[in-house]
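First the structure, in the form of C-alpha cells, and then the observations on it.
The values are calculated or read from the model by the stated rules, or taken from the named source; none is laboratory data. Computed from a predicted structure; not experimentally measured. Cβ placement follows ideal geometry from the backbone for every residue including glycine, while neighbour counts extend to all protein chains displayed.
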Amino acid sequence: MIDSIFTDISLFEQEFSNNLEKMLKNDELGVFILVLANALADEKLWRTLKPALMQKFEQLKTGDIQGAKDDVAVFQQLQNLDLNELTPTIYKTLGNFELQYNPLRALRPQRMSGEKTSGISKAFDANDFNFNKPFLQKELFWQGNFFSKHISLFYNKFPFAKLHGLVVVEADKQHPQHLTHKLHQFAWMMANSVGLNIKGFSLAYNSYGAYASVNHFHLQCFVRDTPLPLEGDEKFPLVNHRFNSVGDAWTFIESLHRDEQPYHLIYRDHEILCIVRQRQDDYQHADWTAGFAWYEACGGVNTATLEDYDQLSEAQLNEELLKLKIT
C-alpha cells in the first residue's frame with residue numbers, strides 16, 4: 001500500500017513544505033543549511049521562511065558553532081555571505097541547455113565525487129559519510145515500507161530540482177552505491193506507482209565513477225513538469241538509451257557492469273533512460289563546475305556564480321559535455 005503523501009502532488013508539496021518549517025526549531029547547523037538551501041530552491045518557500053531563517057542564522061552565529069565537519073565548513077562559508085542578498089534559484093535556456101544559478105550548490109561538500117575511482121563499485125565503509133549517521137536522522141522527510149522494502153526519504157541538502165529528495169533503500173543493510181537486480185526492480189516499481197499519482201515523478205541514479213557523492217545506496221527523487229533537455233536534442237552528444245522493459249534495461253546495465261562502465265539512470269512512469277559516459281577520473285572538468293552528474297549529463301547545468309550564469313556560452317557547455325562522450 002502506498003503512503004498517502006505519494007498519492008497526490010498537493011499532499012507531497014504540503015508535507016515537504018511543512019516539515020521544512022518545523023525543522024527550523026532545531027538548532028543543528030546541518031538542519032539550518034538544509035532548510036536554507038531548500039527555501040532558496042523555491043521562491044514561494046523563500047518568501048515564507050526567510051524571516052525565520054534570518055533569525056536562526058543570527059542565533060547560530062552568536063553561539064558555539066558545533067556540528068558535523070562538513071556542516072561547520074559550509075556554515076563558515078555562509079558567514080561570508082549576506083543572506084539578505086540571496087535570491088531564489090533562477091533559470092534560463094541556452095540553446096539545448098537548461099542553466100540555473102544556485103549559489104548554495106557551490107558550498108556542497110564533494111565527498112566521494114572528489115575521490116579517485118576504479119571499477120564499478122567499492123565496499124561500504126561505515127566510517128565514511130553515510131545515511132545511517134545519527135546527526136542525519138533529523139534531515140529525514142519520511143520513512144516507511146514501500147513494496148516490502150524499508151525506505152528513508154531525506155531532503156536533498158543542496159537541491160537543484162523540484163521536490164528534490166534522496167531515497168535510501170534498506171539503509172540498515174548498508175548497500176554500497178551499486179545497482180543490483182532487486183534494487184533496479186524496486187526503482188522501476190516505485191517510479192511507476194508514484195508516477196501514476198504524481199505526474200513527472202522520477203528517480204535518478206549516479207553510478208560509482210559517475211559523480212555519485214555517497215557510497216550508500218540511494219536514488220534521487222524529483223518532480224519535473226517538462227522533458228529533460230537531452231530529450232529535445234536529436235544531436236545530443238552522449239550515448240543514451242531508452243527502455244520500456246525493466247528486464248531489457250537490466251540486461252544492458254549488466255553489460256555496463258561487466259565493462260566497469262559508469263552511467264546514469266532516470267526511472268519514470270514506465271520508462272528508463274540510461275546515459276553512458278566517461279569515468280569522472282578520465283577527464284579534467286572546467287573550473288566553473290564541480291563535475292557533471294545525472295542532471296548535467298541530461299543537459300542541465302548548475303552554475304555557482306552569477307558571472308558564470310550570465311557569461312557561459314552554449315559552445316562552452318557543449319565542450320564540457322563532449323568530455324563525457326565515449327570515444
Selection from region 290-324 of residues that are closer than 23 Å to GLU85 by Cα and either of a type outside the set (A, V, I, L, M) or at pLDDT 95 or above (or both): VAL301, ASN302, THR303, THR305, GLU307, ASP308, TYR309, ASP310, GLN311, LEU312
Residue pairs meeting the criteria (Cβ under 6 Å; at least 6 apart or on separate chains; first touching a residue at least 12 places away in the same chain (Cβ under 8 Å) and in a strand (DSSP E or B), in region 219-233; second crowded, with 20+ Cβ neighbours inside 10 Å and polar (S, T, N, Q)): PHE222/SER202
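This table checks each residue for (1) among the hydroxyl-bearing types (Ser, Thr, Tyr); (2) in contact with a Leu (Cβ under 6 Å, 6 or more places away or on another chain); (3) surrounded by fewer than 17 Cβ atoms within 10 Å (Cβ to Cβ); (4) part of a helix (DSSP H, G or I).
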| site | (1), (2), (3), (4) |
| --- | --- |
| SER10 | yes, no, yes, yes |
| ASN18 | no, no, yes, yes |
| ILE33 | no, no, no, yes |
| ALA39 | no, yes, no, yes |
In region 93-111, residue farthest from ALA315 (Cα to Cα) [restricted to those that are under 14 Å from the mean Cα position of the chain (by Cα) and of a type in the set (D, E, K, R)]: ARG111
From LYS138, LYS116, residue being over 16 Å from GLY30 (Cα atoms), at pLDDT below 95, loosely packed, with under 14 Cβ neighbours inside 10 Å and in contact with a helix residue (DSSP H, G or I) (Cβ under 9 Å, 6 or more places away or on another chain): LYS116
Residue satisfying condition, being in contact with a Phe, Trp or Tyr (Cβ under 9 Å, 6 or more places away or on another chain) and aliphatic (A, V, I, L, M), within set LEU273, LEU238: LEU273
Tabulated pairs, region 185-197, first in contact (Cβ under 8 Å) with a residue 24 or more places away in the chain and of a type in the set (D, E, K, R), second assigned to a helix (DSSP H, G or I) and crowded, with 23+ Cβ neighbours inside 10 Å, C-beta under 7 angstrom, 6+ apart or interchain: none
Residue that is nearest to the chain's Cα centre (by Cα), among those in region 256-292 that are in a loop (DSSP other than H, G, I, E, B) and under 22 Å from GLN185 (Cα atoms): PRO262
